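Read through the structure below, which is laid out as structure tokens, and then see the notes.
The values are calculated or read from the model by the stated rules, or taken from the named source; none is laboratory data. Just so we're clear, the structure is a prediction, and the values are computed from it rather than from any experiment. All Cβ positions, even for glycine, are placed from backbone atoms using ideal geometry, and neighbour counts span all protein chains on display. Just so you know, the surface numbers come from the protein's heavy atoms only, side chains and all, with ligands and any DNA or RNA stripped out. Shrake-Rupley method; radii C 1.70, N 1.55, O 1.52, S 1.80 Å.
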Amino acid sequence: LLALDRAGSAGFGGILIAALLIPHVVAAPAVGLITDRARRPQWVIAVAALGLALGLAIAALTVGRAPGALPIVVLLAGGACGPALLGGLSSQLGSLVPASSLPRGFGFDSLSYNVSGIAGPALAGLLSGLATPAVATFVLAASAAGGAIVLATLPLERRPGHGGECRTPRLRDGTLVLLRDRVLGVVTAVSCVGQLGAGALPVVTAVLCGRLDDPAATGWLLTAVALGGLLGSLFWTWRPLPAPRAPLVVTLTSVGIGLPLGLVACSPSPSAAALLFALSGFFLGPFAGALFTTRQDHSPPRLRAQVFSLGAGLKTTSAAIGAALAGTVAHLPIATQLLLVAACPVVAGVVGTLLLPYAHPRRARPTVAATGPGL
């Protein structure tokens with residue numbers, strides 16, 4: 001909206017969004033490493049939130065008023081802060097709640113993302129209409145800065161310095177965990193491949209609604225996905241499954257995310273599409289809660305922030321790639337586009353479900369279940 005208002009270019013807006021998303025996977029290992037090494041990890045996460053706030057504020061000042069390279073560079077820097085908020089923050093949950101409550105805690109964590117996913121765009125759209133997109137961007141920047149203040153007060157215990165038998169984490173260690181722990185590798189691959197479809201969904205939804213002569217329905221359909229995700233997160237929070245079963249939940253709910261979207265290709269009416277989009281979104285709640293639980297259960301404590309940040313960075317970058325790929329197939333029949341979007345999480349989930357039985361035997365660590373009653 002800011003790019004359209006100031007520069008008159010939706011394409012430039014797409015570049016700005018890409019600038020925020022693409023750095024995630026590049027910055028994730030370093031951000032996770034810094035968080036793992038920090039004696040006060042909440043301060044690292046708070047500084048990252050301030051970095052994002054600063055990037056948004058400078059973008060609001062410079063888009064359309066300065067050379068286009070300036071806001072792009074600024075948002076690249078702001079995007080590099082993203083893994084700390086989308087992964088590093090979730091990795092600290094184990095220090096805040098008992099081990100027996102972690103699956104439910106990750107349900108609340110997923111719920112917070114869904115609420116923000118609904119409220120953020122709604123707030124931005126409302127303020128853009130009542131005032132200007134620049135005002136909306138400043139408000140989002142202020143929200144991130146306010147979040148930084150809250151994050152700095154998280155009651156995390158001060159960590160001791162690394163020494164003795166506890167080797168200082170290295171930049172590559174988080175990646176090695178993803179490669180060596182087969183269960184973690186399978187669920188990470190499933191989430192990344194599935195996210196290709198999620199990234200393409202907004203583009204394909206816009207094409208679908210355009211061909212139904214109802215472009216305004218695009219927002220409603222995407223809101224249906226978000227509302228479905230909200231209900232799914234509530235369901236997982238109400239009835240979380242124990243940590244050892246979380247990897248299977250990830251793969252099965254990935255299939256559940258994709259199948260309703262494939263059915264839209266058979267019944268592309270707006271009402272049927274809305275119900276199916278909401279059903280797809282419902283599976284996103286258990287998917288996210290189980291994914292976070294698996295990361296917690298299969299990552300060494302000293303590398304947990306790296307694993308969470310890298311996983312979040314890979315997912316975000318996959319979504320950006322999916323959005324870019326969606327533009328290359330926009331000329332195909334809408335049913336074909338929907339089937340391609342649906343195929344990403346379905347195929348990933350099916351293959352992941354088949355691979356999980358072969359992944360578990362290589363596991364060398366005890367699970368969270370061994371340390372918490374009731375799991």
With N residues in the stretch 317-362, what two-decimal value do you get for its Cα radius of gyration over 2.2 N^0.38 Å?
-> 1.53
Quick one: give the max-minus-min coordinate of the C-alpha atoms of the stretch 274-320 along each principal axis, largest first, in Å.
-> 43, 24, 9
Computed on Cα atoms only, the convex hull of the stretch 154-291 has an orientation-averaged projected area in nm² of 11.5
Once you have the alpha carbon radius of gyration of the stretch 227-307, what is it after dividing by 2.2 N^0.38 Å, with N set to its residue count?
-> 1.27
Pick out the long, greasy-scoring helices in the chain: whole DSSP H runs spanning 15 Å or more along their own axis by Cα, mean Kyte-Doolittle at least 1.0.
-> 10-21, 41-62, 69-80, 133-152, 182-211, 217-238, 246-264, 334-359
Ignoring ligands and nucleic acids, L126 exposes an accessible area, probe 1.4 Å, in Å² to the nearest 10, of 100
Can you put L2, L252 in order of accessible area, largest first, using a 1.4 Å probe?
-> L252, L2
Mean projected area (nm²) from the convex hull of Cα positions in the stretch 46-90 is 2.8
Taking the alpha-carbon centroid of each part, what is the distance from the stretch 80-100 to the stretch 208-247 in angstrom?
-> 23
So for the stretch 186-233, using the alpha carbon gyration tensor with a ≥ b ≥ c as root eigenvalues (a/c under 1.5 gives rounded; past that, a/b versus b/c decides prolate or oblate), I'd call it oblate
Along the charge dipole of the chain, Cβ charges K/R +1 and D/E -1, which of L221, V47, V193 sits furthest on the positive end?
-> V47
Quick one, can you get me the convex hull of the C-alpha atoms of the chain expressed as volume per residue in Å³?
-> 132
Farthest positive-ward along the stretch 166-309 dipole, Cα basis, beta-carbon charges - from A206, P300, G258 | P300
Quick tally, 1.4 Å probe accessible area for T328, T317, sorted with the most first, runs T328, T317
